[in-house]
1. From the list THR477, THR459, which one is under 19 Å from PRO410 (Cβ atoms) and either modelled with pLDDT of 95 or more or touching a helix residue (DSSP H, G or I) at 6+ places or on another chain (Cβ under 6 Å) (or both)?
2. Residue check: is ARG543 in a loop (DSSP other than H, G, I, E, B) and surrounded by fewer than 20 Cβ atoms within 10 Å (Cβ to Cβ)?
3. Pick out the one residue from THR146, THR157, THR254 that is among the hydroxyl-bearing types (Ser, Thr, Tyr), modelled with pLDDT under 70 and over 27 Å from the mean Cα position of the chain (by Cα).
4. For residues in the stretch 338-362 being of a type outside the set (A, V, I, L, M, F, W, C) and within 14 Å of PHE420 (Cα to Cα), which is most open to solvent (accessible area, probe 1.4 Å)?
5. Here is a check on your reading of the model: is LEU112 open to solvent by less than 30 Å² (accessible area, probe 1.4 Å) and either at pLDDT 75 or above or not basic (Lys, Arg) (or both)?
6. Among the candidates ARG195, ARG176, ARG205, ARG199, single out the residue that is modelled with pLDDT under 85 and under 16 Å from GLU121 (Cα atoms).
7. Sort out which residues of the stretch 484-498 are touching a residue at least 40 places away in the same chain (Cβ under 8 Å), farther than 30 Å from ARG190 by Cα and not hydroxyl-bearing (Ser, Thr, Tyr), and write them in order of number.
8. Please pick out the residue among GLY371, GLY366 that is modelled with pLDDT under 95 and within 22 Å of the chain's Cα centre (by Cα).
Amino acid sequence: MDSEHWRAVITAAQAGDRRALDELVAGWLPLVYNIVGRALNGHADVDDVVQETMLRAVGNLGSLRDPDSFRSWLVAIAMRQIRDRARRKTPDRLEEAPASDFADLTVLRLQLEGQRREVAEAVRWLDDEDRQLLSLWWLEVAGELTRRELAAAVGITRQHAAVRVQRMKERLETSRGIVRALDGACPGLRELTGRWDGRPDSVWRKRLARHIRGCGYCGGTRETVVPAERLLVGIALVPLPVGFTLSLAFGGKTAVAATSAGWSAKLLGALTKPAVAVTAGATIVAGGAYVVTQPPDAPPPRAAIAPTATATSEPPRTSAPPAPTPRSSPSATKKTDPYGTVVDAVDRAPDADTPPAALPRRPESGITSTGGPKAVMQHRGDRVTLTGRGYVLVRWQISPGSRPGALVMPSWTGLKGRLFHVASGGSRRMDDPLPGAPNGYATGMGGPGIGYAVLPPGTQQMWQNEYFYLDGTVNLTQNERGCDYGLIVFPTDRDAVVEDIGQGPPQGAIRYGLVRDTGTDSAPVPQYVTRETPADPATVPQRSRV
């Protein structure tokens, strides 16, 4: 950042210039968000800590004597808030799962691949203290901070900072080895992790590191390992999530803080007036709340992009979603008016020779998909947005031979309107025996020779082809974690559904399909569906009622 420019902006903001304050907050908010997000690994408290950091910076800006020291001063405030948050939390609260894993958000929003992706995912294996230090060191090697600023933020000398950074890097490299090993197919590691709940911690880091050191398969490096600092040089800041809100002037707390800091009445008044500016993709609205929106030069939507990327095809939460029919408008569906059948239990497969019931006829005008006529979703975070009125096919491809284990189901988010699970086909359920199955498979869910794809308790067993009817708009996200799987998503029509489920053993299929649609609002809905837009779609609860 241009130091001369920011010196002028900071000086003007201290003198009460409203536009300068807007620019200052919008310009430095991403840095604070990255430090806090990475230090807390996306915990639900990230927004609160970012908010408190910016409040304190705004409230004490008048006491800053040297504008050139603003960055190190701001980073030090952020680190104090992170440490204060840790002291305020009880042990049970500290064990809460992240609201949105920042390692995943880093990978998705920056489109990281290969060893850069590996470094980002290794972060979740670090202890809190190491992760706090890494949140600064990452920005140092990316060119956003200096070593002097890192040391000042932690409150230690540069020499001590060098020692601590080196120790943290050693544990980071150990964690990178764990990430590589877990992506492999070592039978010994698979047996060891059979007792693991999937949550990284220091105990399992030591166990897995011990295994890797003594295992020829896991310890064998199949490619040159590039040092982490070389991978992170020049990497961009993780963009703020669309809809991120930062309130700078709600309640008496802010006013008191600003007044006690000696701020002018002009500046205090500016903070509490309606919206004035749009800078760097952030808008200050009534009451002094910053709401992150898409900047004017945001790239166009793409198929299967990250659910929280700034280049999302989903409108900001402050915008009204598209509504193909009056029925699908947000106001037409209230939380007090649920629809759909609860099917949170595994059903029995029908007799293989039993033809399906008649599929009710629902109105069709066609479905559009951001993934085009055939969206292939093979990686965690891949997403399509479906809009319109008609039928959708979701075809399963499960690969426990590549990586067996627990299967995290795909989820439907941001639903506006109605979504039904209308039929299952593809000539088989995925747990049907496969005659002459190759390479250790016994069923589509795996076999004793390669391991199995394991569904969460109570999750409906999927068929090869699953059919849904949409009247509105919804996002479908691939949440691959654990077992390897892929989805192919097709807009389709009722005739194609009827033809598929009507193929039975006489035509060489394992079984006929199954009709689930009742033709009314009592028809089943997907188990993992919500009208919300969570940062991590994998956190959608299994609850088949909307």
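1. Working: THR459 fails: either modelled with pLDDT of 95 or more or touching a helix residue (DSSP H, G or I) at 6+ places or on another chain (Cβ under 6 Å) (or both).
It is THR477.
2. Yes, satisfied.
3. Working: THR146 fails: modelled with pLDDT under 70; THR157 fails: modelled with pLDDT under 70.
None of the others qualify; the one that does is THR254.
4. Here is the first cut: in the stretch 338-362, the ones of a type outside the set (A, V, I, L, M, F, W, C) are 338-341, 344, 347-348, 350-351, 353-356, 360-362.
Now narrow it down to the ones that are within 14 Å of PHE420 (Cα to Cα): 338-341, 360-362.
Working: PRO338: 53, TYR339: 8, GLY340: 9, THR341: 52, PRO360: 29, ARG361: 172, ARG362: 23 Å².
Out of the qualifying residues, it is ARG361.
5. Details: open to solvent by less than 30 Å² (accessible area, probe 1.4 Å): yes; either at pLDDT 75 or above or not basic (Lys, Arg) (or both): yes.
Answer is yes for this residue.
6. None of the other options fit; the residue is ARG199.
7. Restricting attention to the stretch 484-498, the residues satisfying the condition of being touching a residue at least 40 places away in the same chain (Cβ under 8 Å) are 484-494, 496-498.
Retained after the next criterion (residues that are farther than 30 Å from ARG190 by Cα): 489-494, 496-498.
Passing the criteria: VAL489, PHE490, PRO491, ASP493, ARG494, ALA496, VAL497, VAL498.
8. Numbers: GLY366 fails: within 22 Å of the chain's Cα centre (by Cα).
Matching residue, one of GLY371, GLY366: GLY371.
The values are calculated or read from the model by the stated rules, or taken from the named source; none is laboratory data. None of the values given here were measured: they were computed from a predicted structure. Please note: Cβ atoms are built from the backbone with ideal geometry, for glycine as well, and neighbour counts cover all protein chains shown. Accessible surface is based on the protein model in full, side chains and every heavy atom, while ligands, DNA and RNA are left aside. Shrake-Rupley method; radii C 1.70, N 1.55, O 1.52, S 1.80 Å.
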